[in-house]
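First up is the structure itself, then whatever we jot down about it.
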Amino acid sequence: MNDDAYEGARLGKSDVVLKTTDLEKAFGGLVATDGVSIEVDRGTITGMIGPNGAGKSTLFNLISGFYENDAGHVTVNGEDVTDLEPHERARKGLVRTFQTPRRLEGMSVREAMLVGPGPQKGESIFSLFFSGSDVTEEERGNIEQTRELLERFEIGHLIDQPSTDLSGGQMKLVELARAFTTNPDILLLDEPVAGVNPTLANDIKRFIRELNEEGQTFLIIEHDMPFIMDLADPIIVLDQGKVLMEGSPDEVRSDDRVIEAYLGGAGP
Amino acid sequence: MSAVSSWVSETLVRDATERRIFATLGLITVLLVVGVLTGVIGPRFLLFQIALVGMYALLSLGLNVQWGYAGLINFSVAAFWGIGAYCAALLTAPNSPLGLGLHPVFGFLAAIVVSAFVAVLIGIPTLRLREDYLAIASLGLAEVIRAIILNEDQWTAGSSGISGIPELLSWLPLTDAATTAAVVVVLIAVVYLFLRRVHRSPWGRVLRTIRSDEDLAKALGKNTYQFKMQAFVIGSVIMAVAGAFYAHLNLYIDPSDLVPLTTFYIWIAVILGGTGSNRGAVVGAAVVIAIREGTRFLNDIGFIQTLGVDLAPLRLLFVGGLIILIMRFRQDGLLPPKDELIWPAARDGGGAGGASASGAAPDGGTASNGGDDR
């Protein structure tokens, strides 16, 4: 959105946005995440694939703080966030979406979008009454930003719709747009095109690429192979809670271990 | 007059069905006024009912902050109401066990402070957990508060209750009934405007998000525990203020009103009016009280007397029937929330700014008008 702000933020930060070190998580006897160490470089779209049960979602929950890890560390921009709550991690620039977005009852798309930016002055009751004009001004800015972003994502006409009326694909777009308004250092997308029709999936791919060209870093879990192979580089392959390999889409495609573990011997 | 009616139609009425609902309410008001003028209804009785409806409206507004906005399941409405009522009664009645006889202002202040304290106390262990934990804990709290008031009679006068609570603003040149009715109207206006401001804001939007999907709010960087605590405390304080007012309305208070039924009347009022809607909370409270109080007179109707049955105890049945009808024909309540999360000045200003900034604005402008009429 704001290139100057982005460049400014970028100067002071290392080139690894997200790093996990020997992350471990077990549910009872089942080891879901078994010593995972990954790095996501600034400016990349990093993909994450793996067969069902490989531990992708668990890893996402560990990174975003929704699960507590048994061992290991998560760092964002070189800062250890392992002990922080999910909302504190989000404020450090680590923002995620969910696989199945829930509709926000009684909220229009505009209102649902406006939850994104933060922290907003108007989230404090004190400010609402004692610096009301600042709040209104900030609201106007956010409303304008919302309108522009929705138009850019080609869903500007939905701005007044109840968010409960959106299709699954439209909701995914709103989710992506809203997550982007938090001005994150890294966006974690959990299956951004699951259940989305091919046309809209292509739009989503295009928008992710556009945001990335403007400097936004992504880490994306996706089951749709053509989608992720086309979009992401590098790709991290998880299997049975461990990192199986990491490489370019071509390397992943031709790797025997991946073919064996994930693709069951068939090509992608 | 036309300015007033256009204000009413723009800020309160959103569609044709709502117009009919408000027309019905207006008609009932006219009938009541005619009733008073013709002497069928005593003005004193009507004013007392208005004060009672007002008190229930305050309770509904309080619950609406908690349940309608933040999705907090609070089954201790009666307890917070009782805390307020007993704070007022104990501090102001000369013959209460404390025997202080203070000015009513201190009663209200104590109600606010004590209820906020209790709300924080119950919120700390429960608001970090799933929503059902607050539901269970608040059910317990309601019984604990009732048991304490009932049994610690050296402090609370127990089941014999406290009488001699002073009237509010008795120096005003109005009858006592008119004064209490005026006080409750002012209280509702203050609370309503306060809630309107906090709901039509980023604060209100975060709460509404928490209600639908708390994890999403966390993922967007919102400290949901803090927001839920604020909503819980604000709602509880409003309930306690309603209780303090009731003490000065009824001039007598005992623990028999602290039963779960009181809590569920408020839940019914909020659901009936439209969960999450402040307009709805007020209307819902009026409807519930109208049914509850109106059914007292059923047995006075000649036709029913000839049937030889006592219909008054069936009032819960009427309330239940109404709930079923509402759920069948108007699931979101009488006056569901709409466009209540953005301050009008910010929203309209944003649209106008867009008009000068980009060519796509006419589209946005008509769309936002369409939203109001929807």
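Within the range B:34-52, which residues are more than 19 Å from B:V282 (Cβ to Cβ) and either touching a residue at least 60 places away in the same chain (Cβ under 8 Å) or outside any loop (DSSP other than H, G, I, E, B) (or both)?
Taking the range B:34-52 as the starting set, the residues that turn out to be more than 19 Å from B:V282 (Cβ to Cβ) are B:34-45.
Within the range B:34-52, B:V34, B:G35, B:V36, B:L37, B:P43, B:R44, B:F45 meet the criteria.
Would you confirm whether any residue within the range A:41-51 is part of a helix (DSSP H, G or I) and either surrounded by fewer than 16 Cβ atoms within 10 Å (Cβ to Cβ) or away from chain B (no Cβ under 14 Å) (or both)? No, the range A:41-51 contains no residue that is part of a helix (DSSP H, G or I) and either surrounded by fewer than 16 Cβ atoms within 10 Å (Cβ to Cβ) or away from chain B (no Cβ under 14 Å) (or both).
Do you know which residues across the range A:62-92 are part of a loop (DSSP other than H, G, I, E, B), in contact with a Lys or Arg (Cβ under 9 Å, 6 or more places away or on another chain), within 10 Å of chain B (Cβ to nearest Cβ) and farther than 23 Å from A:G241 by Cβ? So that I can check it myself, show each step before the final result.
Residues of the range A:62-92 part of a loop (DSSP other than H, G, I, E, B): A:65-70, A:77-78, A:81-85, A:92.
Then drop every residue that is not in contact with a Lys or Arg (Cβ under 9 Å, 6 or more places away or on another chain), which leaves A:65-70, A:77-78, A:81, A:84-85.
Checking the rest, the ones that are also within 10 Å of chain B (Cβ to nearest Cβ) come to A:65-66, A:85.
Matches in the range A:62-92: A:E85 only.
Selection of the range B:328-344 for residues being among the hydrophobic types (A, V, I, L, M, F, W, C) and exposed (fewer than 15 other Cβ atoms within 10 Å of the Cβ) yields only B:F329. Answer yes if at least one residue in the range B:86-107 is in contact (Cβ under 8 Å) with a residue 12 or more places away in the chain, outside any loop (DSSP other than H, G, I, E, B), of a type in the set (F, W, Y) and open to solvent by less than 20 Å² (accessible area, probe 1.4 Å), and no otherwise. Checking the range B:86-107: at least one residue is in contact (Cβ under 8 Å) with a residue 12 or more places away in the chain, outside any loop (DSSP other than H, G, I, E, B), of a type in the set (F, W, Y) and open to solvent by less than 20 Å² (accessible area, probe 1.4 Å). Do the conditions hold for B:S277, that is, is it among the small types (G, A, S), within 14 Å of another protein chain (Cβ to nearest Cβ) and open to solvent by less than 10 Å² (accessible area, probe 1.4 Å)? For B:S277, the condition - among the small types (G, A, S), within 14 Å of another protein chain (Cβ to nearest Cβ) and open to solvent by less than 10 Å² (accessible area, probe 1.4 Å) - is met.
Residues are listed down the side, and each one gets a yes or a no for (1) closer than 20 Å to B:G221 by Cβ; (2) touching a residue at least 24 places away in the same chain (Cβ under 8 Å); (3) not polar (S, T, N, Q):
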{"position": "A:T21", "(1), (2), (3)": "no, yes, no"}
{"position": "A:I38", "(1), (2), (3)": "no, yes, yes"}
{"position": "A:T46", "(1), (2), (3)": "no, yes, no"}
{"position": "A:N52", "(1), (2), (3)": "no, no, no"}
{"position": "A:G55", "(1), (2), (3)": "no, yes, yes"}
{"position": "A:T58", "(1), (2), (3)": "no, yes, no"}
{"position": "A:D70", "(1), (2), (3)": "no, yes, yes"}
{"position": "A:N77", "(1), (2), (3)": "yes, yes, no"}
{"position": "A:V81", "(1), (2), (3)": "yes, no, yes"}
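Yes/no matrix, rows are residues, columns are (1) of a type in the set (A, V, I, L, M); (2) out of contact with any strand residue (DSSP E or B) (no Cβ under 9 Å at 6 or more places or on another chain):
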residue: B:A89; (1), (2): yes, no
residue: B:T92; (1), (2): no, yes
residue: B:N95; (1), (2): no, no
residue: B:L100; (1), (2): yes, yes
residue: B:L121; (1), (2): yes, yes
residue: B:L127; (1), (2): yes, yes
residue: B:D132; (1), (2): no, yes
residue: B:E167; (1), (2): no, yes
residue: B:T175; (1), (2): no, yes
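When the range A:115-131 is examined, which residues are found to be over 20 Å from A:H87 (Cβ atoms) and more than 8 Å from chain B (Cβ to nearest Cβ)? Working first, answer last.
The first filter runs over the range A:115-131 and keeps only residues over 20 Å from A:H87 (Cβ atoms), leaving A:128-131.
Selection gives A:F130, A:S131.
Just checking, how many residues over the range A:180-202 are within 22 Å of A:K92 (Cα to Cα) and either acidic (D, E) or touching a Gly at 6+ places or on another chain (Cβ under 7 Å) (or both)? Number of matching residues: 6.
At least 2 residues being farther than 30 Å from B:L341 by Cβ, among the aliphatic types (A, V, I, L, M) and open to solvent by less than 80 Å² (accessible area, probe 1.4 Å) is the threshold, and among the helices (runs of 4 or more DSSP H) wholly inside the range B:131-199 those reaching it are B:131-151, B:176-199.
Counting only residues that are surrounded by fewer than 24 Cβ atoms within 10 Å (Cβ to Cβ), on the phi > 0 side of the Ramachandran plot and over 11 Å from the mean Cα position of the chain (by Cα), the range A:90-114 holds 0 of them.
With respect to (1) out of contact with any Lys or Arg (no Cβ under 9 Å at 6 or more places or on another chain); (2) open to solvent by less than 40 Å² (accessible area, probe 1.4 Å); (3) modelled with pLDDT under 80, the lone exception for B:G320 is condition (3).
Conditions tested, residue by residue: (1) out of contact with any strand residue (DSSP E or B) (no Cβ under 8 Å at 6 or more places or on another chain); (2) of a type in the set (V, I, T); (3) within 7 Å of chain A (Cβ to nearest Cβ).
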{"residue": "B:A189", "(1), (2), (3)": "yes, no, no"}
{"residue": "B:R196", "(1), (2), (3)": "yes, no, no"}
{"residue": "B:V206", "(1), (2), (3)": "yes, yes, yes"}
{"residue": "B:T209", "(1), (2), (3)": "yes, yes, yes"}
{"residue": "B:K218", "(1), (2), (3)": "yes, no, yes"}
{"residue": "B:K222", "(1), (2), (3)": "yes, no, yes"}
{"residue": "B:Y225", "(1), (2), (3)": "yes, no, no"}
{"residue": "B:Q230", "(1), (2), (3)": "yes, no, yes"}
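Restricting attention to helices (runs of 4 or more DSSP H) lying wholly within the range A:148-242, give those where 3 or more residues are surrounded by fewer than 20 Cβ atoms within 10 Å (Cβ to Cβ), within 14 Å of another protein chain (Cβ to nearest Cβ) and of a type in the set (V, I, T). Spell out how you get there, then give the answer.
Numbers: elements: A:168-181, A:198-213, A:225-231.
Result: empty, no element qualifies.
The values are calculated or read from the model by the stated rules, or taken from the named source; none is laboratory data. In this text the structure is predicted, and so the values were computed from the model without any measurement. Quick reminder, even Gly has a Cβ in these numbers, built from the backbone with ideal geometry, and neighbours come from all protein chains shown. We work out accessible area using only protein heavy atoms, side chains counted, and drop any ligands, DNA or RNA first. Shrake-Rupley method; radii C 1.70, N 1.55, O 1.52, S 1.80 Å.
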